[in-house]
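Shown next, in structure tokens, is the structure this report addresses.
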Amino acid sequence: MDVGIVGLGLVGQAIAHRLLLAGHAVRGYDLREEARAALVARGGAACTSARDVAAACQTVVLAVFDSQDVLAVIDGMQGDALHVQRFIDCSTGSPDILAELATRLKALGIDFIEAPLSGSSQQVEAGEATQLLGGEADAIASCLAVLEAISPRRIHVGAAGMAAKAKLATNLVLGLNRAVLAEGMAFAESLGISPAAFLALVLATPARSAAAEAKGQLMVEGRFEPQSRIRQHLKDVGLMLQAAAEAGQPLPLSQAHAEIMRRAVEAGDGDLDNAAILRQWRRERGH
């Protein structure tokens, strides 16, 4: 089928690759001309606006930065959104906003499916990310071919809003794993242990983690071209802290994590891969 994508960043391009690989025709839009050109180079078709995507496709995937962007895209489509039968939102967003949006769209006869992906853009492209689904079971079943193309690993966690909650909770653990790996590597360096030797120790002991497997060698080699970005995870941690405050749950480790990422962004590392948080731990040592 024709599938639309709005948002052609790292994750959007990876999703487009998965859909094209499965034989779907992909029509996409992004504000950046170079992102639209990258989609065309992959074999997709570029649209000149999000409204053009909505006019051409009954299924539209959203891979934008946050829930405010989701609202802006859908509201900007106005009447054209009525041509869309379903939106699949792959961003990491605000649970309450998404639950309210799902209710509003249902009244218009449009399905809204949350489908945030747990994994880097590289893992998404390889079909190794896990898709967390929120929404009504029949709506999910109606676009199973698209969801299957995006990721063969899927977990339906409940109604709209629940996938965002699940993504925030699991991202909390993932992000802290990355941060503590970087902190440990910086600490080991200060003791005279090389990054390569430290990583070998971590991978050979109970300290081993998926974060060490995915990001450890990048840290050792200083390869920080983005698969996911520090500023994006800082946004996610901000959502975690907001949700936790509303629930009365303190998150002191995540508060410290947010602060170290803020300083990394201020130092100019916001668009580097999350593995680059190591650079901030090294700068902290200098202070």
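Pull out a ≥ b ≥ c, the square roots of the eigenvalues of the alpha-carbon gyration tensor of segment 195-247, then state rounded if a/c is under 1.5, prolate if not and a/b is larger than b/c, and oblate in the remaining case. Oblate is the answer for segment 195-247, as a/c is 1.5 or above yet b/c matches or exceeds a/b. Working note: Karplus 6.51/-1.76/1.60 with θ = phi - 60° gives segment 84-101 the couplings 8, 8, 7, 10, 10, 9, 9, 7, 9, x, 8, x, 5, 4, 5, 5, 5, 5 Hz, where Gly and Pro are set to x.
Whole-Hz Karplus values for segment 271-280 come out as 9, 7, 4, 4, 4, 6, 4, 4, 4, 5 Hz, taken residue by residue from phi with 6.51 cos²θ - 1.76 cosθ + 1.60 and θ = phi - 60°; glycine and proline positions read x.
For the chain, the dipole from Cβ point charges (+1 on Lys and Arg, -1 on Asp and Glu) about the Cα centre works out to 520 debye, to the nearest 20. Spacing of the modelled spin labels on I97 and A137, each 7 Å from Cα toward Cβ, amounts to 3.1 nm. Were the residues from A267 through Q68 laid out at 0.36 nm apart, the gain over their Cα-Cα distance would be 69.0 nm. Let me know the shape class of segment 1-140, please: from the alpha-carbon gyration tensor, a ≥ b ≥ c as square roots of the eigenvalues, rounded when a/c is under 1.5, otherwise prolate if a/b is greater than b/c, or oblate. Since a/c reaches 1.5 but b/c is at least a/b, the shape of segment 1-140 is classed as oblate.
Summarising the amide proton neighbourhood of V61: residues at separation of 5 or more, or on other chains, whose placed amide H is nearer than 5 Å comprise G4, I5, V6, I88.
Shape of segment 9-55 from its Cα gyration tensor (a ≥ b ≥ c, root eigenvalues): rounded if a/c is under 1.5, otherwise prolate when a/b > b/c, or oblate?
On the way: a/c = 1.80, a/b = 1.27, b/c = 1.42.
Oblate, since a/c reaches 1.5 and b/c is not below a/b.
Bridges between two residues of segment 111-197, per DSSP, are antiparallel at a rate of about 40%.
Dividing the mean sequence gap of close Cα pairs (under 8 Å, 6+ apart) by how many residues segment 1-70 holds gives a relative contact order of 43 percent. Using a Gaussian network model of the chain in which every pair of alpha carbons under 10 angstrom is joined by a spring, one finds that among Q122, Q78, Q58 the greatest mean-square fluctuation is at Q78. Remark: relative contact order (segment 129-253) = 21 percent; criterion is Cα-Cα distance under 8 angstrom and separation of 6 or more residues. Each label point was placed 7 Å from the Cα along the Cα-to-Cβ direction; for V173 and A200 their separation is 3.0 nm. Put simply, the amide H of A46, placed in the peptide plane, has neighbours under 5 Å in G28, leaving out anything fewer than 5 places away on its chain.
Residues in segment 58-68 carry Karplus couplings, in order, of 7, 10, 10, 8, 10, 10, 9, 6, 8, 5, 5 Hz; the curve used is 6.51 cos²θ - 1.76 cosθ + 1.60 with θ = phi - 60°, and Gly or Pro positions show x.
Pop the C-beta distance of D2 and E225 into the FRET formula with R0 = 35 Å and round what comes out to the nearest 0.05. Calculated value: 0.65.
Across the chain, the mean sequence separation of Cα contacts (distance under 8 Å, 6 or more residues apart), normalised by length, yields a relative contact order of 14 percent. Taking amide H positions as modeled 1.01 Å from N, with prolines and chain starts lacking one, the residues under 5 Å from R154 and 5 or more places away or on another chain are Q131.
Considering helices alone, the calculated mean residue ellipticity of the chain at 222 nm is -17500 deg cm²/dmol, with DSSP H runs of length four and up weighted by -39500 (n - 2.57) and normalised per residue.
Take the Cα radius of gyration of segment 102-153 and divide it by 2.2 N^0.38 Å, N being the number of residues; the result is 1.24.
The simple spin-label model puts a point 7 Å past each Cα toward its Cβ; for A126 and R104 those points are separated by 3.9 nm.
Readers should treat all values here as calculations from the given coordinates under stated rules, not as data from a laboratory. These figures come from a predicted structure and were not determined experimentally. Using ideal geometry, Cβ is built from the backbone for each residue, glycine included, and neighbour counts are taken over all protein chains shown.
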